[in-house]
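Worksheet for the structure shown next.
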Amino acid sequence: QVQVVESGGGLVQPGGSLRLSCAASGSIFSINDMAWYRQAPGKQRELVATITGGGSAKYAESVKGRFTISRDNDAETVSLEMNSLKPDDTAVYYCNAALTAWGQGNARDYWGQGTQVTVSS
């Protein structure tokens with residue numbers, strides 16, 4: 001079994017910072033890309049940032065310069081440092097790991113349960 005678990009959400013004032021963390025665990029053979037998505041009320045889920053196993057990162061235009069994604073391959077974790085937060089960043093944030101489990105032929109996407117981030121004064 002494979003689990004992906006996020007932590008670190010909460011309420012923050014505009015201009016503030018939060019750090020989200022995500023850990024993958026279980027019968028993992030290998031992890032390819034890891035990513036953060038978010039879904040605001042009434043909107044579709046959108047990609048926030050993604051990072052390869054080699055550390056190459058890409059960001060949505062709306063978060064460039066404010067968010068930083070990083071990962072620890074040995075610990076099988078990915079983090080999202082969020083600075084200069086805006087009310088528009090309010091959403092449920094989901095961790096995604098494209099990984100191959102032991103006994104599984106191909107990589108597939110695994111999702112966490114989501115963590116709420118609310119930016120409000």
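The values are calculated or read from the model by the stated rules, or taken from the named source; none is laboratory data. What you see is a predicted model; the values in this text were computed from it and never measured. Quick reminder, even Gly has a Cβ in these numbers, built from the backbone with ideal geometry, and neighbours come from all protein chains shown. Ligands, DNA and RNA are excluded from the accessible area calculation, which covers all protein heavy atoms including side chains. Shrake-Rupley method; radii C 1.70, N 1.55, O 1.52, S 1.80 Å.
Kindly check whether there is at least one residue in segment 17-31 that is within 21 Å of Q116 (Cα to Cα) and over 12 Å from the mean Cα position of the chain (by Cα). Within segment 17-31, one or more residues are within 21 Å of Q116 (Cα to Cα) and over 12 Å from the mean Cα position of the chain (by Cα). Listed by position, the strands (runs of 3 or more DSSP E) contained in segment 43-121 that have at least 1 residues being touching a Gly at 6+ places or on another chain (Cβ under 7 Å) and of a type in the set (A, V, I, L, M) are 91-101, 115-119.
Taking the conditions (1) open to solvent by 60 Å² or more (accessible area, probe 1.4 Å); (2) in contact with a Lys or Arg (Cβ under 6 Å, 6 or more places away or on another chain); (3) within 13 Å of V117 (Cα to Cα) in turn, N83 satisfies each one other than (1). Within this structure, G114 fails the test of being open to solvent by 50 Å² or more (accessible area, probe 1.4 Å) and not basic (K, R). Is at least one residue of segment 94-102 closer than 26 Å to G16 by Cα and open to solvent by 20 Å² or more (accessible area, probe 1.4 Å)? Taking every residue of segment 94-102 in turn, at least one turns out to be closer than 26 Å to G16 by Cα and open to solvent by 20 Å² or more (accessible area, probe 1.4 Å). Restricting attention to segment 1-42 and to residues that are on the phi > 0 side of the Ramachandran plot and assigned to a strand (DSSP E or B), the residue that is most open to solvent (accessible area, probe 1.4 Å) turns out to be G26.
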